[in-house]
Amino acid sequence: MREFLPQQSSLEPHLLILPVNFHTAWPILEKVIQNISPDALLMLGEKGSKHTTLETTARNRRCHKTGEIEIEKTGGKKLRTIFDVGRLALALQKKTLKKPRCVVSHDAGSYLCNFVYWKALAHHPELPAIFLHVPALSAENSQRETPNIVQQVNVLIDAMKKQLHRMQNKVAAQKQLTVPRQKAGRAKRKKES
């Protein structure tokens, strides 16, 4: 496990809107990941449902005019986020004012959402990433749904920060347990020589 956060991380959010295009969406996101080296990645996409969906898994499949095809020939079948999605979902259920149902899903679909999720997990396995499907906005529901989505995103970001800090503390504790023992062992061997 790598150290996920710098010691004094500010976790500043950056917003990026990707084109709905298989050829350009990933290169744009990849370039931004390389340029800003984010501490975590929260991706959003619309889904035709009345609830939000936290996606645990991306599949190495995408829709194509001939049916579903592999995203990458060298990849496995599925990749999973390193976030504890159950805890993130619980935070969304507890801390949002209006209680829209939050569902945990193990299949991000076969369209662009799954595609960019797969690419992020495959090419940056050390980067904590999560995908949130939100209800599709329309002229009829946008005034009602937009404030709920904004609140859910803010709650999710706070929950992600807490998990990242726990990961950082766990890594730091592991380092403290292993490093002093190694030094002490070397010191003993030097004295015995």
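Descriptive notes on the structure:
- Residue list for the range 127-154, filter: more than 26 Å from Phe115 (Cβ to Cβ) and either in contact with a helix residue (DSSP H, G or I) (Cβ under 8 Å, 6 or more places away or on another chain) or among the basic types (Lys, Arg) (or both): Arg144
- Residues in the range 69-117 that are over 27 Å from Arg144 (Cα atoms), assigned to a helix (DSSP H, G or I) and either of a type in the set (Phe, Trp, Tyr) or open to solvent by 30 Å² or more (accessible area, probe 1.4 Å) (or both): Phe115, Tyr117.
- The lone exception for Pro125 - which of (1) more than 12 Å from the chain's Cα centre (by Cα); (2) outside any strand (DSSP E or B) it fails: (1)
- Residues of the range 51-68 satisfying the condition of being outside any strand (DSSP E or B), under 29 Å from Arg101 (Cβ atoms) and not basic (Lys, Arg): His51, Thr56, Asn60
- Count of residues meeting criterion [touching a Leu at 6+ places or on another chain (Cβ under 9 Å) and open to solvent by less than 30 Å² (accessible area, probe 1.4 Å)] in the range 120-142: 11
Residues are listed down the side, and each one gets a yes or a no for (1) of a type outside the set (Asp, Glu); (2) more than 22 Å from Val155 (Cα to Cα); (3) touching an Asp or Glu at 6+ places or on another chain (Cβ under 9 Å):
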| residue | (1), (2), (3) |
| --- | --- |
| Ile33 | yes, yes, no |
| Ser37 | yes, yes, no |
| Thr52 | yes, no, no |
| Thr81 | yes, no, yes |
| Asp84 | no, no, no |
| Gln93 | yes, no, no |
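- Here Ser10 meets each of (1) in a loop (DSSP other than H, G, I, E, B); (2) modelled with pLDDT under 90; (3) within 20 Å of His133 (Cα to Cα) with one exception, condition (3).
The values are calculated or read from the model by the stated rules, or taken from the named source; none is laboratory data. Source: prediction; values computed, not measured. Virtual Cβ from ideal backbone geometry, glycine too; neighbours counted across all protein chains shown. Areas reflect the complete protein model, heavy atoms only, side chains present, ligands, DNA and RNA absent. Shrake-Rupley method; radii C 1.70, N 1.55, O 1.52, S 1.80 Å.
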